[in-house]
Amino acid sequence: MKIKEEIKDGVMVIRLSGKVISGPDLMDLKSVFQKAVSDATGNVLLDLGHVSWMDSSGLGVLVSGHTSLAREGGRMAILNATRKIHELFIITKLITIFETFTDESEALDSLKE
């Protein structure tokens with residue numbers, strides 16, 4: 001898994017690619033979420049457009065990141081979830097927790113509100 005971070009309009013955008021599965025890379029993603037919380041960045045846009053697969057450990061890190069941000073008054077939105085990942089969110093009922101978008105500017109506008 002590869003992780004790219006950038007700040008756009010005051011929102012931390014995290015772009016993931018590859019497989020989001022258990023292993024050392026997942027600890028890196030956890031660290032990125034912790035950084036977003038500690039830096040008081042506030043809101044995170046997680047781009048999953050290039051993620052080929054995600055296991056339960058990956059889902060756990062997303063839920064943990066979402067919870068940590070929410071506790072500090074921040075929000076997380078999902079951008080470009082692939083069909084496989086979107087179906088995974090539906091099956092696990094996480095679709096009711098995550099705000100999902102297919103348009104980056106719309107997602108950024110939503111997180112700036």
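Structure data summary
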| item | result |
| --- | --- |
| Candidates M54, M27, M76: whichever shows maximal mean-square fluctuation once the chain is modelled as a Gaussian network with Cα springs under 10 Å | M27 |
| Distance in nm between pseudo-label sites at E6 and H50 (7 Å out along the Cβ direction from Cα) | 1.1 nm |
| log₁₀ of I(q)/I(0) at q = 0.25, 0.27 Å⁻¹ - region 41-113, Debye sum with one point per alpha carbon | -1.26, -1.40 |
| Gaussian network model of the chain, springs between alpha carbon atoms under 10 Å - residue of D103, D47, D25 with greatest fluctuation | D103 |
| Residue-averaged [θ]222 nm for the chain, counting only DSSP H segments that reach four residues, each worth -39500 (n - 2.57) | -13500 deg cm²/dmol |
| Cα centre as origin, Lys/Arg/Asp/Glu Cβ charges: region 2-112 dipole, Debye | 300 debye |
| Restraint check, K2/K35; K19/K93; K84/K112; K35/K93; K4/K30, Cα-Cα greater than 24 Å | K84/K112; K35/K93 |
| Region 2-112, relative contact order [Cα under 8 Å, separation at least 6], % | 28 percent |
| Kyte-Doolittle mean at least -1.0 and Cα axial length at least 18 Å: DSSP H helices in the chain | 24-38, 56-71 |
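Readers should treat all values here as calculations from the given coordinates under stated rules, not as data from a laboratory. In this text, all values refer to a predicted model and were calculated from it rather than measured experimentally. We place every Cβ from the backbone using ideal geometry, glycine too, and count neighbours over all the protein chains shown.
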